[in-house]
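**Student:** Here it is, the structure, as structure tokens.
Values in this text are rule-based calculations from the coordinates and carry no lab data. What you see is a predicted model, and the numbers here were worked out from it, not measured in a lab. Cβ: placed from backbone, ideal geometry, glycine included. Neighbour counts: every protein chain shown.
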Amino acid sequence: MNPVDLIQVLVSGVALGGVYTLIGKGMFITYRTTQTLNFGQGDLLAVAAYLALTLATAGAPAPVVLVGSVAAVALLGMVVERVAVRPFQDRPHAAGALAWILTTFGFGLILQNMLVSVWGKSKQYSPPLFSTKADSLVTLAEVRFYREELAVALASLVIVGLFYLALFRSRWGKQVAAVAFDKATSALLGIDVKRTVVSSYVLMAMLAAISGVLIGPIVTIQPHIGLLFLVKGFAVVSVGGFTNPIGVLVAGIAFGVVEGFANYFDSLFGDLYAYVFVFFILIFRPTGLFGERHQGVR
Amino acid sequence: MTKSNGASALGAMLVLCLGATVAQAQGVKVGVVQGLSGPPAVVDYGESYLQGIELALDDYLKASPKHKVELVVYNDEANPQKAVAFVQRLISNDRVSAVIGTVNSGNVAAFAPLLQEAKIPLMIGPAVATNLTLQFIDKKPSFIFRCALVEKYQLDKMLDWAIAGKKKIGLLHGTSGYGQFVAAEVQKGIAERNTQLVGVESAAPNVTDMTPQVLKLKESGADLVLLFHESPELFYRALPKAGYRPTVAGTAALSAAAMLRIVGKEGMEGTVMGDSLDLNQTQAKEVDQKLRAKFGEKYRWPAVAALGHDAMKLILGAVDASGGGNAEKIRDALEQTKGFKGATGAPAVPYSPNDHECLDPGDVFLSVWRDGRTVKLQ
């Protein structure tokens, strides 16, 4: 393997790893506040990708595409919390305590069908956000990559940094930690628990939306693309640990890079290796590489 | 004629008329099982083939038909269990006279024995696996026919062309059942021609990036890449990053309109694929225009839609020739079809007792993308 190929595979792996990281982050934040995951999160990514496709095709500039798609999907985040999660949060010990798995998944299926109805079943390609031509590349020391690949890698790094600050250095972060620890006590202390939970779902949706907008020009999109990213995001957050945002970043990038090199050296089983690593890591460290045994008390 | 004899004759005439009316009202049912949802690669095939079927039926019904023919359509979602269940329903509940389907060769392999057993003709399409009709041809009579591009015919043409051009050939295939099947066929064909592939790469069906595979093929020195993957557009997407521009050749999937929309005119330029639709032919042009008018933007794959059209036209011709909805007579009429004029390269006498493929190796040719259009490769 020559050095240029090595860096090329690394860059592609980091870019896709950035997407897995953003999805994993969404799971991290909703799990922290409600101990639930949105199994329709990948479909929010798909919705954002299609919205971005429509706006970009209509000639909207990149900031409008980004803000428009993210805002619309953020609203969907509020809706999924209200209709698919909250009804089951108020009765955690009832027989349907785990019903949110089904309802969030069902919400995602509804979104998939909406996408099919509006945009059709075929694959589509989203125009590039940061260049005028589909094959415009950035070249650095003989290594070529699409601008969106760079953007998604940078976005995941910046968002992790902001995330860390917001969670551990802000009033909102303290509220999240309190809600994660005990909702009833948090409410007694004057924290608006519902608002904190809703904000976590909105944040999850925004992260999925950012991934969707940035991934559209890199891959081809289709209504069922979300499931793939959901599964990989789940693997990433499991390895990174549901309690550590830095862990999610490390696991996400590592997953993408392992996937890239596995496909280079043994493409027949390329996608398998990353999951094999996840499997062995979870056998020896069930809480993930960076997980803590008692989440929510940090 | 006595009064009673007259009444009997009148009664018999009434019964006959009533019987004929009932038969006319019941009509002839043709079952269709296609992949109409699920992976886009499946849906594009299934919907396009169905568009062709619907157009052929429309044309038939507009031309004062001898029989009232109706379609019973089921979506197997590329799922073999569902495909088998739907075929069982078509046989037992819907009582169809013939069945057309489906996209996945594995699904066809699962339900074809049921139709052979039930003595109901099956028109396979658009499934491409080579042996689908061959395994029934010795049954005498075989009820299994096909109107689709047979994989081996395309591959043979492609490999002969590639080797004549003295190209270094690489292969990129999917890891699905279809991808593995094609990879085996390519490698067999290459071995038969006493040559070898310079590189073989594969990718999972739901892959999102093919940069690693493209880099490996570039490293292997392949100047022709045989591409058999459910998401061929991802291969093209990775080419500029690798600074690599091989000739690409593959199945008819590369002729889909979606490829042009996603990859663009420049990206597709020079790509070669198996084909049976020559749009310079009058009949093909006419069917293409009708499909365009009927389905508008939803018409996205002329090569596959034309095959669906010919499949249905063959069935309708057999229904007319056999005099109605008797499945065994339709089978016989299909096998004896003469003077057929289709949109694809299917010959006037497409079938015989020993050949149930509507396209023979000589009817398949190579097409190439030139300036945003597919044209016959000279």
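**Student:** Just name one of A:Val73, A:Phe168, A:Ala48: the one whose Cα is farthest towards the positive end of the charge dipole of segment A:3-231 (beta-carbon charges, Lys/Arg +1, Asp/Glu -1).
**Tutor:** After comparing all options, I get A:Phe168.
**Student:** Viscosity 1.002 mPa s, temperature 20 °C: Stokes-Einstein D of chain B from its Kirkwood Cα radius, in µm² per second? Don't skip to the answer; put the middle values down first.
**Tutor:** Values: Rh = 21.7 Å.
Estimated via Stokes-Einstein, D reaches 99 µm²/s.
**Student:** Let me ask you something else. Looking only at the protein assembly as shown, where both bridge partners belong to it, what percent of the DSSP beta bridges are antiparallel (to the nearest 5)?
**Tutor:** If I count the DSSP bridges inside the protein assembly as shown, around 30 percent turn out antiparallel.
**Student:** Then there's this: At a temperature of 20 °C and a viscosity of 1.002 mPa s, determine how fast segment B:55-108 diffuses translationally according to Stokes-Einstein, using the Kirkwood radius over alpha-carbon pairs as Rh; express D in µm²/s, rounded to the nearest whole number. Could the numbers behind the result be given before it?
**Tutor:** Values: Rh = 12.6 Å.
Answer from the Stokes-Einstein relation: 170 µm²/s.
**Student:** Could you state the principal axis extents of the C-alpha atoms in segment A:3-231, from the largest down, to the nearest angstrom?
**Tutor:** Computed over the Cα atoms, the extents are 58, 41, 30 Å.
**Student:** Follow-up question, since we're still on this one. Which of the residue pairs B:Lys152/B:Lys188; B:Lys29/B:Lys62; B:Lys29/B:Lys294 have a Cα-Cα distance greater than 20 Å in the structure shown?
**Tutor:** Numbers: B:Lys152/B:Lys188 10 Å; B:Lys29/B:Lys62 17 Å; B:Lys29/B:Lys294 23 Å.
Distance filter (> 20 Å) returns B:Lys29/B:Lys294.
**Student:** Convert each backbone phi in segment A:234-242 into a coupling constant with the Karplus relation 6.51 cos²θ - 1.76 cosθ + 1.60 (shift: θ = phi - 60°), then list the ³J(HN,Hα) values in order as whole Hz, x for Gly and Pro.
**Tutor:** Values, residue by residue: 5, 4, 5, 5, 5, 6, x, x, 6 Hz.
**Student:** In whole Å, largest first, what are the principal axis extents of the Cα atoms in segment A:23-83?
**Tutor:** 41, 22, 16 Å, listed from the longest principal axis down.
**Student:** Under the Karplus relation 6.51 cos²θ - 1.76 cosθ + 1.60, θ = phi - 60°, what is the ordered set of whole-Hz ³J(HN,Hα) values for segment B:208-213, x standing for Gly and Pro?
**Tutor:** Here the 3J(HN,Hα) series is 10, 8, 10, 4, x, 5 Hz.
**Student:** Restricting to lysine pairs 8 or more places apart or on different chains, what number in chain A have Cα atoms under 26 Å apart?
**Tutor:** 11
**Student:** Using unit Cβ charges (K, R positive; D, E negative) and no other charged atoms, how large, in debye to the nearest 20, is the dipole of segment A:3-231 about its Cα centre? Don't skip to the answer; put the middle values down first.
**Tutor:** Details: 16 positive and 10 negative charges, 118 e Å.
That gives segment A:3-231 a dipole magnitude of about 560 debye.
**Student:** Hey, another quick one. Just the ratio, please: alpha-carbon radius of gyration of segment A:154-285 over 2.2 N^0.38 Å, N its number of residues.
**Tutor:** In units of the globular-protein estimate, segment A:154-285 measures up at 1.24.
**Student:** Kindly state, to the nearest 0.05, the FRET efficiency for B:Ala191 paired with A:Val79, given R0 = 41 Å and r defined as their beta-carbon distance. Present the calculation step by step, with values, prior to reporting the outcome.
**Tutor:** Values: r = 58 Å, r/R0 = 1.40.
For R0 = 41 Å, the calculated efficiency reads 0.10.
**Student:** Under 5 Å between amide H atoms, partner at least 5 residues away or on a different chain: which partners does B:Val200 have, H built in plane at 1.01 Å?
**Tutor:** Distant-sequence amide H within range of B:Val200: B:Leu171.
**Student:** List every residue whose amide H lies under 5 Å from the amide H of B:Tyr74, counting only residues 5 or more places away in sequence or on a different chain, with H placed 1.01 Å from N in the peptide plane.
**Tutor:** B:Val32, B:Val33, B:Gln34
**Student:** May I pose another question? Can you list the HN-Hα couplings for segment B:168-185, worked out from phi with the Karplus curve (6.51, -1.76, 1.60; θ = phi - 60°), rounded to whole Hz and with x for Gly and Pro?
**Tutor:** 8, 9, x, 10, 10, 10, x, 9, 6, x, 4, x, 5, 4, 5, 4, 5, 5
**Student:** Rounded to two decimals, what is Rg over Rh for the protein assembly as shown when you use alpha-carbon atoms and the Kirkwood radius? Intermediate values should be presented prior to the final figure.
**Tutor:** On the way: Rg = 28.7 Å, Rh = 27.4 Å.
Result: Rg/Rh = 1.05.
**Student:** To the nearest 500 deg cm²/dmol, what mean residue ellipticity at 222 nm is calculated for the protein assembly as shown from DSSP H runs of n ≥ 4 alone, each contributing -39,500 (n - 2.57), summed and divided by the residues? Display every interim value, and only then the final one.
**Tutor:** Working: 25 runs with 388 residues, N = 676.
Per the formula, -19000 deg cm²/dmol.
**Student:** Continuing with the same structure: Please report the projected area of segment A:193-262's Cα convex hull averaged over all directions, in nm². Intermediate values should be presented prior to the final figure.
**Tutor:** Details: hull surface 23.0 nm².
One quarter of the hull surface, i.e. the mean projection, equals 5.8 nm².
**Student:** Along each of its three principal axes, how wide is the spread of alpha-carbon positions in segment B:269-368, in whole angstrom units, largest first?
**Tutor:** 47, 30, 19
**Student:** Taking the alpha-carbon distance from B:Lys216 and a cut-off under 13 Å, which aspartates and glutamates remain once sequence neighbours fewer than 8 residues away in the same chain are dropped?
**Tutor:** Within reach: A:Asp5, A:Asp266, B:Glu201.
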